[in-house]
Every structure is written in C-alpha cells, then in structure tokens.
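Inspection log for the structure reproduced underneath, given as structure tokens.
The values are calculated or read from the model by the stated rules, or taken from the named source; none is laboratory data. Predicted, not measured: the structure shown is a model, and the values here were computed from it. Reconstructed Cβ throughout: ideal geometry from the backbone, glycine too, with neighbour counts over all protein chains shown. When the accessible area is computed, the model is the full protein with side chains, heavy atoms only, and any ligands, DNA or RNA have been set aside. Shrake-Rupley method; radii C 1.70, N 1.55, O 1.52, S 1.80 Å.
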Amino acid sequence: MSMQIHPTAIVEEGARLGAGCEILAHAVIGRNCQLGDGVVVHPFAVVGGDPQDLSFDAKVQSGVRIGARTVIREHVTISRATRPGECTEVGADCFLMASSHVAHDCQIGSAVVIANAALLAGHVHVGERAFLGGGAVIHQFCRIGESAMIGGGARISGDVPPFCMATERNELIGLNVVGLRRRGFSRQAIAELRRALHVVCRPVGNPRQLAAQLLEGGEYQTDEARRFLVFFGAGRRQPVRRRANRSDNRSEPLGEADA
C-alpha cells in the first residue's frame with residue numbers, strides 16, 4: 001500500500017508513517033509521532049501539537065502513537081505527551097469525529113468512537129470499544145471502561161465502569177445491554193454484570209470495598225463480571241453512581257447503542 005501526503009499537509013521531521021497512510025490537505029503531523037498502517041488524517045487535524053499545559057517545556061521530546069486503520073476527521077487535535085520519551089496513545093480501528101480533542105498523556109484503547117466535539121482532558125484512559133457521544137467532556141485522570149457508552153453532552157468527572165452507560169453530570173444509567181449482546185456476551189455474563197452493578201454502583205456505600213468483597217466471595221464466575229469488579233480497584237477518581245431514584249429496570253431500554 002502506498003502512502004499519500006496531499007499538497008499543503010505538513011509532516012514534521014521525525015514523524016513515522018505506516019504503509020497506506022493518507023494525510024489530507026492542511027493536516028499537521030508533529031515530530032516524533034507514529035502512525036500505524038492505513039491511518040487517515042483529514043484536513044486541518046493536528047496530531048502531536050504541544051500540550052495545553054502552562055508548565056510544559058516545549059523542548060521536551062515526546063509524541064503521539066496512533067494505531068492502524070484509525071480515522072481522524074477534520075479539526076481533531078491530539079496533543080503529545082508531557083514527559084520525555086512518552087506518547088499520547090490512540091489504539092487501532094478508532095474513529096475520532098470532527099473537532100474532538102484528545103489531550104496530553106491520554107490512553108485510548110482499540111475500536112473506540114469519539115463523536116463530534118467530545119473533549120478529553122489530560123491523562124484520561126478509555127477502554128476498548130467505548131463510545132463517547134457528541135459534545136461529551138471528560139475530566140482529567142478519569143477512566144472510561146471497556147464498552148462503556150457516554151451520552152452526548154455528558155459532563156464526566158468520575159470513572160465510568162466497563163460495560164455501562166453514563167450521561168448528564170456523572171449519572172450512571174445502567175448496562176449497555178444491546179452493545180454487549182452485539183459483542184456476543186453470554187446470558188450468564190450479562191446476568192452477573194447486572195447483579196454486580198446493582199451491588200457496587202448503588203447510591204450509597206463504598207464502591208471499591210463492595211467490588212473487592214464480591215471478588216473475594218468468588219460468586220462471579222465469568223471473565224466479564226470479574227473485569228468489571230477489578231476496575232474499581234484502581235484509579236484516582238470516584239466511580240460515577242446511579243441516582244437514588246433511578247430504577248434498575250431502565251438499563252436495557254436505554255442501551256440501544258452499540259459500543
């Protein structure tokens with residue numbers, strides 16, 4: 001596969017582009033950036049710009065790493081890492097829609113969709129197959145779990161557990177049931193996730209302690225349920241929660257998007 005760099009695109013010295021990459025007009029690829037095979041960067045996107053951090057020293061040598069076949073649409077900005085020799089990372093097969101922003105030191109898993117104008121602050125981690133709705137804003141150091149779905153316009157300043165949906169201001173809705181079924185999750189896995197979510201993410205109690213207790217109890221046998229519980233053992237931010245008046249039976253009807 002031949003590489004294409006369109007007229008007026010800028011690829012700075014030290015950038016490395018894989019086979020079949022296409023860099024469209026007016027896109028900018030900064031120094032020390034690494035693009036996997038088949039990455040497409042649309043007009044006016046900037047990959048590897050300096051972090052928006054007042055304490056950052058522009059002489060630091062850092063970069064951005066983009067996985068194979070990822071598509072970066074118009075006006076997307078992906079800032080390079082703040083520490084020498086490190087990279088902001090976006091996994092393979094991701095889709096970053098127009099005007100979205102991935103700040104310095106973010107780590108984005110594979111097959112993630114970030115919709116138009118969604119904004120990720122520094123050091124955010126996003127698990128594989130997550131979906132971030134248009135205009136969603138994610139606070140620094142938050143974690144968005146695997147196959148999680150964030151509603152459009154959401155304001156998230158806590159960790160969103162794997163396989164769940166969140167919207168508004170840190171409001172946990174329930175499981176992304178339709179998305180999990182489309183991924184081929186078993187009935188047992190979904191049932192165990194439902195039970196674990198009901199216990200761990202209720203409006204009262206300590207989610208970290210509750211998740212640890214469930215893991216120690218050995219009741220949950222599926223790998224998916226155990227990954228869900230393990231998630232609560234790390235991170236700087238508190239997990240998002242259900243509202244006190246939200247019923248568990250609303251999780252499935254609201255889960256119609258595929259993460």
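Using θ = phi - 60° and the Karplus curve 6.51 cos²θ - 1.76 cosθ + 1.60, what whole-Hz ³J(HN,Hα) does each residue of segment 160-169 get, with Gly and Pro shown as x?
Once θ is set to phi - 60°, the couplings for segment 160-169 become 9, x, x, 6, 10, 10, 9, 7, 6, 9 Hz.
Would you work out if segment 143-247 is rounded, prolate or oblate? Take a ≥ b ≥ c from the square roots of the eigenvalues of the alpha-carbon gyration tensor; rounded if a/c is under 1.5, else prolate when a/b is larger than b/c, oblate otherwise. Walk me through the numbers on the way to the answer.
Values: a/c = 1.62, a/b = 1.16, b/c = 1.40.
Oblate, since a/c reaches 1.5 and b/c is not below a/b.
Would you work out what percent of the accessible area of segment 137-240, with all protein chains in place, is carbon or sulfur (probe 1.4 Å)? List each step's numbers first, then the result.
Numbers: 2130 of 4490 Å².
Ligands and nucleic acids excluded, carbon and sulfur reach 47 percent.
At 10 °C and 1.306 mPa s, what whole-number value in µm²/s does Stokes-Einstein give for the translational diffusion of segment 199-244, with Rh from the Kirkwood sum over Cα pairs?
Values: Rh = 11.0 Å.
Estimated diffusion coefficient is 144 µm²/s.
Which whole-number value in Å² is the accessible area per residue of segment 78-166, probe 1.4 Å?
For segment 78-166, the per-residue accessible area is 28 Å².
Any idea which of Pro7, Gln107, Ile144 is furthest toward the positive side of the dipole for segment 1-144, if Lys and Arg beta-carbons carry +1 and Asp and Glu beta-carbons -1?
Ranked along the dipole, the leading option is Ile144.
List the GluC sites (Glu not before Pro) within segment 2-42 that fall in a DSSP loop (any state other than H, G, I, E or B) and whose Cβ has at most 10 other Cβ atoms within 10 Å. Walk me through the numbers before you get to the answer.
Details: sites: Glu12, Glu13, Glu22; in loops: Glu12, Glu13.
Here the GluC sites (Glu not before Pro) that fit, given the DSSP loop and packing criteria, are Glu13.
Along its three principal axes, how long is the chain when you only count alpha carbons? Whole Å, largest extent first please.
The principal-axis extents, from largest down, are 57, 38, 31 Å.
Report, by chain and number, residues whose modeled amide H sits under 5 Å from the one on Glu22, excluding near sequence neighbours (fewer than 5 apart, same chain).
Gln4, Val39, Val40, Val41
What does the charge dipole of segment 104-204 about its Cα centre add up to, to the nearest 20 debye, if the Cβ of each Lys and Arg holds +1 and the Cβ of each Asp and Glu holds -1? Kindly include the intermediate steps, with their values, before the conclusion.
On the way: 11 positive and 7 negative charges, 85 e Å.
Using Cβ point charges on Lys, Arg, Asp and Glu, segment 104-204 gives about 400 debye.
Roughly how many percent of the accessible protein surface of segment 6-72 is carbon and sulfur, given a 1.4 Å probe and a whole-percent answer? Intermediate values should be presented prior to the final figure.
Details: 1740 of 3140 Å².
Exposed carbon and sulfur together represent 55 percent of the surface.
Amide H of Arg65 versus every other amide H placed in the peptide plane: which residues, excluding those fewer than 5 positions away on the same chain, fall under 5 Å?
For Arg65, the qualifying residues are Gln34, Thr88, Glu89, Val90.
Treating only the Cβ atoms of Lys and Arg (+1) and Asp and Glu (-1) as charged, compute the dipole magnitude of the chain about its Cα centre; round to the nearest 20 debye.
In debye, rounded to 20, the chain gives about 800.
Quick one: which residues, 5 or more positions from Ile173 or on another chain, have an amide H under 5 Å from its amide H? H modelled 1.01 Å from N in the peptide plane, none for Pro or chain starts.
It is Met165, Ala166, Thr167, by chain and number.
Please state the charge dipole magnitude for segment 31-164, taken about the Cα centre, from unit charges on C-beta atoms (+1 on K and R, -1 on D and E), reported in debye and rounded to the nearest 20.
Computed about the Cα centre, the dipole is about 100 debye.
With unit charges on the beta carbons (Lys and Arg positive, Asp and Glu negative) and the dipole taken about the Cα centre of the chain, which residue among Val46, Gly218, Leu132 sits farthest to the positive side?
Farthest towards the positive pole: Gly218.
Could you run the Karplus curve 6.51 cos²θ - 1.76 cosθ + 1.60 with θ = phi - 60° over segment 213-230 and give me ³J(HN,Hα) per residue in whole Hz, x for Gly and Pro?
5, 5, 5, 5, x, x, 6, 9, 9, 7, 4, 5, 5, 5, 4, 4, 5, 4
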